[in-house]
Each structure stands twice: as C-alpha cells, then as structure tokens.
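Written below as structure tokens is the structure these notes are about.
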Amino acid sequence: MSVAHNIENPPAGSTKIILANRELERIAKIMDTDAGIFLSDEKSTLVHSRLVKRLRVLQLNSFVDYCNLVESEAGKEERKELLLALTTNLTRFFREPHHFEHLIKTALPPLIAKAKRGEKIRIWSAGCSNGQEAYSIAAVILSLLPNAENFDIKILASDIDRKMVMEGRKGFYSEALMQKMPTKLREKHFESFDDQSGKKTYCVSPQMKSLVAFRVLNLNAASWPMKGKFHIIFCRNTVIYFNEETQEKIWTRYRDILEKPGYLYIGHSERLSGSAINNFIKDGVTTYKLKD
Ligand SMILES: C[S@@+](CC[C@H](N)C(=O)[O-])C[C@H]1O[C@@H](n2cnc3c(N)ncnc32)[C@H](O)[C@@H]1O
C-alpha cells in the first residue's frame with residue numbers, strides 16, 4: 001500500500017497526533033488479516049479521524065503506541081474495536097426496494113408453500129448491521145404468511161460488529177429510521193414509546209422478533225458455524241469493503257451454502273466475481289439465482 005500523505009488533524013487545544021504512512025500500513029494489514037477488508041490510500045483521513053478517538057480513550061499519544069498495542073497479545077480486544085471503528089454500518093429498512101419486490105413475487109411464494117408442507121426455510125442477512133434488513137425481510141414474510149412464527153422459518157442476521165448485533169436483538173429504532181418502514185407495516189409490527197429523553201422510539205413486535213436470530217459472525221472467518229443450508233442470502237453493501245480475493249472466496253462460500261434454487265441478493269455497487277459466476281444466473285438487478 002502506498003500512501004501519499006501523512007495525516008494530522010489535531011482537535012482544538014490538543015497536541016497533534018500524526019498518522020504516518022508506516023502506521024497506516026500496519027493498520028491496513030490488520031484490517032486485511034482480520035476481516036479481509038481493503039483499506040485504500042484515500043481512506044487515510046477517515047482512519048485518522050475514527051482511530052484518534054480510540055487513542056484518546058486509551059490515553060495513548062501516538063499511532064505507533066496504538067499499533068504496538070493492537071499487534072500484541074494484550075491488544076486482542078482493542079483489535080476488535082479497531083475493526084469496528086473502521087467499518088461502516090449504514091443501512092435502512094427496505095433499502096434497494098426491488099429486492100423486496102423480487103422476494104414477494106418470485107423467491108418467497110414457493111418457499112412459503114414448502115413451509116406449509118412442514119419443511120424448514122432458512123434465510124441469511126449477512127452483514128446485517130442493526131437489523132433493519134432482517135426485519136424488512138421478516139415483515140415481507142409476515143405479509144405473505146401472517147402466522148409465519150408457527151412454521152419452521154428463520155432468518156439468521158449476522159454481523160462482525162457485536163454492538164450492531166446487540167442493537168438488532170433489542171429492536172429499538174428512532175422515528176427517523178422508521179421513515180423507510182411503510183406505515184401499514186409500522187403499525188402492525190412495531191410499538192412506539194418515548195425514550196428517556198422523550199424521543200419517540202419504535203420497538204419490533206415479539207412476533208417479528210421471533211423470526212430473526214442475531215449472531216456475531218465474521219464472514220472472513222476460516223469456517224462458519226452454521227450446519228444447514230440457506231434458501232436465500234442477502235449480503236448487501238458488505239463485500240464491497242473486502243479485497244478482490246476475499247470477495248471471490250465469499251461468493252464461492254455462498255454458492256456452497258445455498259440450497260437450489262437459492263437466491264443471492266447483493267448491493268447495488270457490488271458484482272459477482274471468480275468461479276462462482278458460472279453457478280449463478282442473473283434474475284433481476286443485483287439478484288442471482290443458483291443454477292440447477
Ligand atoms: C454498510 S453495512 C450494510 C448493512 C445492510 N446489509 C444493508 O445493505 O443495508 C455493512 C455491514 O457489514 C459489516 N461487516 C464488515 N465486515 C464484515 C465481516 N468481515 N464479517 C461480517 N460483517 C462485516 C459491518 O459491520 C456493517 O454492519
């Protein structure tokens with residue numbers, strides 16, 4: 001990685017903390033090793049602004065000290081914080097609505113018929129952030145099968161960021177986030193209450209929660225803990241942060257863990273790559289069906 005500039009961005013009234021090229025490279029190496037995330041040169045300002053906060057929390061005066069810590073055994077926990085500080089959790093309910101239209105019209109009806117015959121249905125929201133994607137899928141399932149919780153239907157919602165996983169499990173969303181949830185679905189599947197500061201907050205209904213299981217999972221881990229296969233995988237706006245080699249590996253792993261005819265939904269600026277391309281056919285915008 002070649003980095004053009006050293007970054008300095010001191011908070012008012014404090015000593016400058018410089019992120020030198022050498023330390024940026026050390027941080028990039030950790031991101032690559034731990035999460036398969038590629039940190040480009042242009043991310044140096046972002047790296048500085050996000051990690052300088054960690055330095056303050058830890059009362060460290062230099063990125064050299066910070067890198068020494070995260071590279072050591074004693075810094076194992078901080079290494080996780082580093083990863084979380086540098087990933088982005090941006091998400092929203094019903095993001096990329098065409099995927100949910102495809103779910104309603106094409107992917108879900110045969111699966112619901114299967115569920116009614118007593119078969120299990122498994123869906124995975126991989127890189128789920130705070131759960132808005134998984135709950136959007138759950139809302140769509142409930143619109144097609146109003147008592148879905150009585151069937152063997154489960155959505156696994158996983159993310160590397162344990163804070164996001166905890167938020168998803170809790171299922172509290174601000175009024176601003178709820179703007180993307182259609183009114184009818186909001187009224188049906190959410191309860192509103194005022195939080196401690198008097199702000200209107202919405203909580204996911206127990207029925208919808210019962211369809212979703214949240215887990216911490218690193219997509220780049222050597223193995224995944226799930227035993228069975230999935231009928232549908234949503235992995236959107238997540239793989240884009242990985243290097244090319246990791247992306248190809250992930251697509252292959254999705255191919256192998258999908259049950260035919262499985263569907264894979266990816267983000268608007270992502271593309272399938274590597275040998276898995278041959279196993280999928282396009283079935284809509286950034287929507288792929290596993291070949292028979
Ligand atoms: C931009 S959000 C996308 C959320 C949602 N899929 C969507 O499209 O709205 C990307 C998520 O991927 C997660 N992520 C990044 N690297 C990961 C990894 N190696 N394993 C699992 N999740 C990861 C981040 O924590 C973040 O929550």
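The values are calculated or read from the model by the stated rules, or taken from the named source; none is laboratory data. Every value quoted in this text rests on a predicted model; they were computed, and no experiment measured them. Note that each Cβ is placed from the backbone with ideal geometry, even for glycine, and that neighbours are counted across all protein chains shown.
In region 89-103, the residues that are hydroxyl-bearing (S, T, Y) reach residues that are more than 7 Å from the ligand (Cβ to nearest atom) with C-beta atoms within less than 7 angstrom, at least six apart or across chains, in these pairs: T91/N130. For region 226-245, a residue qualifies if it is more than 13 Å from the ligand (Cβ to nearest atom) and over 12 Å from W124 (Cβ atoms), and the qualifying residues are K227, E244, E245. Summed over region 129-158, the residues that are in a strand (DSSP E or B) and within 19 Å of the chain's Cα centre (by Cα) give a count of 5. Taking region 108-119 as the range and being within 24 Å of the chain's Cα centre (by Cα) and either in a loop (DSSP other than H, G, I, E, B) or surrounded by fewer than 20 Cβ atoms within 10 Å (Cβ to Cβ) (or both) as the test, no residue passes.
Among the candidates E81, E119, E77, single out the residue that is of a type in the set (D, E) and within 16 Å of the ligand (Cβ to nearest atom).
Only one candidate qualifies: E81.
When G171 is tested against (1) modelled with pLDDT of 95 or more; (2) within 14 Å of the ligand (Cβ to nearest atom); (3) surrounded by 14 or more Cβ atoms within 10 Å (Cβ to Cβ), just one condition goes unmet, and that condition is (2).
Taking every residue in region 128-148 that is assigned by TED's automatic domain parsing to the domain that holds L103 and within 16 Å of the ligand (Cβ to nearest atom) and pairing it with any residue that is of a type in the set (F, W, Y) and in a helix (DSSP H, G or I), at least 6 positions away or on another chain, the pairs with Cβ-Cβ distances below 7 Å are S136/F100; V140/F100. Among the conditions (1) in a loop (DSSP other than H, G, I, E, B); (2) farther than 26 Å from I153 by Cβ; (3) within 14 Å of the ligand (Cβ to nearest atom), the only one that S273 does not satisfy is (3).
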